[in-house]
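This report refers to the structure that appears directly beneath it.
The values are calculated or read from the model by the stated rules, or taken from the named source; none is laboratory data. These figures come from a predicted structure and were not determined experimentally. Cβ coordinates were reconstructed from backbone atoms using ideal geometry, including for glycine residues, and neighbour counts include every protein chain displayed. All accessible areas refer to the heavy atoms of the entire protein, side chains included, with ligands and DNA or RNA removed. Shrake-Rupley method; radii C 1.70, N 1.55, O 1.52, S 1.80 Å.
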Amino acid sequence: MAPSRNGMILNPHFHKDWQKRVRTWFNQPARKLRRRKARQAKARRIAPRPVAGPLRPQVRCPTIRYHTKVRAGRGFTLEELKAAGIHKKTARTIGISVDPRRRNRSTESLQANVQRLKEYRSKLVLFPRKASAPKKGDSTEEELKMATQLTGPVMPIKTVHKKEKARVISEDEKNFKAFASLRMARANARLFGIRAKRAKEAAEQDVDKKK
C-alpha cells in the first residue's frame, strides 16, 4: 500500500525477536479459580460473620453532577453512633464500620443513618464469646440455631424513585415565566447591597429634614 499524503517514510523493523517480548495471559483462568477459592476460604474462616464485611452508611456522591446518587460510604460518624446509642469501640466489634473523619452536613443524612443503625441492631444475631456464660445483649439459643451466614452486601442501599402522578397544568404554571423570574432573582441579589445603602441614606435624610 502506497503512503498517502506528506507522511513519514515507513521503515518497519521486523527482524527483531518480537515473540520473546509478547505479554501472555495464559494464567488468567487459574487466577480466577484461585481468587474464587480464596473467597470461599475467607467465608469459612470468618463464619458466621457476613461475607461482604461490616455495615456501611448511606452517603451522597460529591459534586453537583452526582449528588442525586446515593451509595455506600466508608463508615458511620461518631455523631450517628451516639444518636443510635452505640459506643464507637463497641461498633467495630459488632460489624459496624466507623469513620471519625466524616461529618454530618444535613439532618436528613444523620437521621437516615441512625435509622439504618437501629434497623441493623434489631436484626443482629450476636454470638456470646463464651457459650457457657452469655452476657447481656447476646442472642438467645433459638436465634443462634437459626443464624446463617449472609453472602450478599449487608443491608444493600436501594435507590427509590418517586413517580409523580399525571395532573392538569394550572393557570399559574402556564403564566409563569421561568427565564424572567431567574433574571429578576439575579438582579435582586446583585443590587441588594446598593438598594439597602440607598434606603438607609434616604431614611437618614428624612430624619435630618424633620429636625
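So if R0 is 22 Å, what FRET efficiency would Lys136 and Ile157 give, r being the distance between their Cβ atoms, rounded to the nearest 0.05?
It comes out at approximately 0.10.
If I compute solvent accessible area with a 1.4 Å probe over the protein chains, what percent of it on the chain is carbon and sulfur?
Ligands and nucleic acids excluded, carbon and sulfur reach 56 percent.
Which aspartates and glutamates, on any chain, are close to Lys69 with Cα under 18 Å apart, when same-chain ones fewer than 8 places away are left out?
The reachable aspartates and glutamates, counting only those whose Cα sits under 18 Å from Lys69, are Glu108.
For the pair Arg35 and His15, what calculated FRET efficiency results from E = 1/(1 + (r/R0)^6), where r is the Cβ-Cβ distance and R0 = 25 Å, to the nearest 0.05?
The pair His15/Arg35 has a calculated efficiency of 0.05.
Reachable lysines from Lys37, Cα under 30 Å, same-chain residues fewer than 8 places away excluded?
Lys123, Lys145, Lys158
Could you name the lysines whose alpha carbon sits less than 30 Å from that of Lys209, not counting residues in the same chain fewer than 8 places away?
Straight-distance partners of Lys209: Lys197, Lys200.
I need the calculated FRET efficiency for the pair Asp172 and Phe192, taking r as the beta carbon distance and R₀ as 25 Å, to the nearest 0.05.
0.40
Counting helices only, and only those DSSP H runs with n ≥ 4, report the 222 nm mean residue ellipticity of the chain as the sum of -39,500 (n - 2.57) divided by its residues, in deg cm²/dmol to the nearest 500.
That comes out to -13500 deg cm²/dmol.
Calculated from the structure, percent of Cα pairs over 26 Å apart equals which of (1) 31; (2) 68; (3) 35?
Given (1) 31; (2) 68; (3) 35, the calculated one carries the label (2).
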